[in-house]
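This report refers to the structure that appears directly beneath it.
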Amino acid sequence: MFSRPLVDEHIDRRTLGHVVVDRRASAIAAYVGWAALVAATGLAVPFAAGVVFGSIVPHQDRTRLWFLLAALVIIAVAKLPVQLALASARTRVETTAALDIQRGLWGRILLSPVALVRRVGAGDMAMRLSALEMARDPIDQTILSVLPNLLTGLLAGLVLFHYDLQLAAFVLAIGLVVLGVALLLARSAARAQEEVETATGSVNGFLFQVLVAIPKLRVAAAESRAFLAWAEHFTTAVGQRLLRASARQLLLIAMIPTLGSLALFAGVALVGPDQIGVDVFVAFQTTYTVFIAGVTGSIAAAGTALQAGPTLDRAVELAQEPAELSVGRAEQAPLRGAVAFAGVTFRYLPGTPPVLDDLTFRVEPGELVAITGPSGGGKSTVMRMLLGFEQPEQGSVLFDEQTLSSLDVGAVRRQLGVVLQDGQLMPGTVRQNLAGTAVLTDAEVWEVAELVALADDIRAMPMGMDTVVTLNAGAFSGGQRQRLLIGRALAAHPRILLLDEATSALDNIAQRVITHNLADLGMTRIVAAHRLSTIVGADRILVVDLGRIVEDGTYDELMGRGGMFHALASRQLL
């Protein structure tokens, strides 16, 4: 799929450059050849001007004039298919290279750790990923736009030395100074663009949070405060700096033809007007015009490319995260269902208190273990650690006595049934949501529906299993949504089931049926919950507070101790 693998290597602009070159060296060579030919034909008019004023006009040679005119017409006609070939080569290189970059970066990002989304933020990540769709622009502006202009300017500059060495050296020296100033301005604009991208990413991240929280803002009548907070995030200072840098660059580009003419006349004055013939001056001036056009085009394209660079770099930063790989890891046998935490310490940000602090426990195959405790105690983090979404700072997460870091994480996840606290249904039908990625017959889908006490609800729906589930699943109750999610987790017959507040919306009858059905399946179940009816029948209950297990036992044992669990449970027994 990719021109070269981007899985196990460091990704930067150089890597992407290799991606562009790979598999299309011949196409790039053809493009360079056609571009050089177009640049060479562009010098036909300056050459003809020198001939006209050097020999045809002084000798009034009409015959040679007609021959020269015919030659120019032939060159102009011949240039059309050359330009067509150049455009075709450009499109081929541009399109295939952009696709390879997009595929390579997307492939790498999809293999990145899930923690990346938490660190970057959904809004900022969406903006960064949109830059992948603009991968065509830097390629088009750097390799494909600068090159023809650069070749035109280079060839014209070499021809200038043919007409007059001293004059050419003078005007080219002035041209290099102008080019250097233009590149400095372009780099300044690029740095401002980088700051703009960072600031805009922060604003978009905050805006995404606001959009998600609109119902809550309405309930709290906090729209004005949200707007003020957004206004604080949104700053125009960096944008104004970018506008100033871009304006200076555009002003210089607009002044290049005038500066070029001044440099030419100053050069003639220094060399001496009597040292340059009319024919040489006309040919030189015409060629110099071609040179100026090439330099101006190169500067404009290079400036655009430099400003496009930071946009692409922000997407590349996402792909620089180490990929989750299974290469070199142990072959993944079917899980038996044993799970353990061995001295696990974890914190989300360096320097902050640990969310999990030397956490140790073990779950035997087929056991039902409930994890409860005050909010913020670390229950959901335990689930994320079991899924490999986060890596422990110290200690190990083990499946069947093997550390998760030594196993194929993807293969482990395929043997887990998971319902997270913020689980969402996918747009489609009830059947598709129950089956998930598993390939099930219609009878098997109904079996899953029976397991989660949803079959009667589905039969009552006019379209049954073909009932449409929208993005927000607004037509379904909270209990129905949770049963669909649990059914999807069971569809692939997992060895271990992880439920994070997955039954909070169920009525007592549905919960009792599901709990009984799950017990008959014999799988390991780890349930994080506050609701007493969810955890009362667990084989063991772990009470987690501040990242540590403060109590461990059955429901009756913990209630008899009169500790934290007793206090938490008593609030629900009132």
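Summary of values
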item	result
Single match in LEU160, LEU207, LEU167, LEU179 (criterion: in the same structural domain as LEU270 (by TED's automatic domain parsing), at pLDDT below 80 and more than 27 Å from MET125 (Cα to Cα))	LEU179
Members of segment 395-453 that are of a type in the set (Phe, Trp, Tyr) and over 17 Å from MET383 (Cβ atoms)	TRP446
Which numbered condition ARG248 fails, given (1) surrounded by 14 or more Cβ atoms within 10 Å (Cβ to Cβ); (2) modelled with pLDDT of 75 or more; (3) touching a Leu at 6+ places or on another chain (Cβ under 7 Å)	(2)
Residues satisfying the stated conditions in segment 348-371, i.e. among the aliphatic types (A, V, I, L, M) and either in contact with a strand residue (DSSP E or B) (Cβ under 8 Å, 6 or more places away or on another chain) or not assigned by TED's automatic domain parsing to the domain that holds THR515 (or both)	VAL355, LEU356, LEU359, VAL363, LEU368, VAL369, ALA370, ILE371
Selection count where residues are modelled with pLDDT of 90 or more, within 17 Å of GLU450 (Cα to Cα) and crowded, with 22+ Cβ neighbours inside 10 Å, scope segment 504-529	1
Which numbered condition GLY104 fails, given (1) modelled with pLDDT of 75 or more; (2) under 30 Å from GLY205 (Cβ atoms)	(1)
Residue in segment 371-381 that is assigned to a helix (DSSP H, G or I) and surrounded by fewer than 18 Cβ atoms within 10 Å (Cβ to Cβ) present	no
Residue in segment 514-525 that is in contact with a Gly (Cβ under 8 Å, 6 or more places away or on another chain), among the aliphatic types (A, V, I, L, M), part of a loop (DSSP other than H, G, I, E, B) and closer than 15 Å to GLN482 by Cβ present	no
Filtered residue count, segment 552-574, keeping only those that are within 23 Å of LEU359 (Cβ to Cβ) and part of a helix (DSSP H, G or I)	10
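Here's the yes/no breakdown for (1) outside any loop (DSSP other than H, G, I, E, B); (2) at pLDDT 80 or above:
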site	(1), (2)
MET1	no, no
LEU6	no, no
HIS10	no, no
GLY17	yes, no
TYR31	yes, yes
TRP34	yes, yes
LEU37	yes, yes
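Listed here are the residues, each with its yes/no results for (1) surrounded by 14 or more Cβ atoms within 10 Å (Cβ to Cβ); (2) over 30 Å from GLY107 (Cα atoms); (3) modelled with pLDDT of 75 or more; (4) outside the structural domain of ARG128 (by TED's automatic domain parsing).
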position: ILE214; (1), (2), (3), (4): no, yes, yes, no
position: GLU223; (1), (2), (3), (4): no, yes, yes, no
position: VAL238; (1), (2), (3), (4): yes, yes, no, no
position: PHE291; (1), (2), (3), (4): yes, yes, yes, no
position: GLY294; (1), (2), (3), (4): yes, yes, yes, no
position: SER298; (1), (2), (3), (4): yes, yes, yes, no
position: ALA305; (1), (2), (3), (4): yes, no, no, no
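The values are calculated or read from the model by the stated rules, or taken from the named source; none is laboratory data. Small disclaimer: the values here were computed from a predicted structure and weren't measured. Cβ atoms come from the backbone with ideal geometry, glycine included; neighbour counts cover every protein chain shown.
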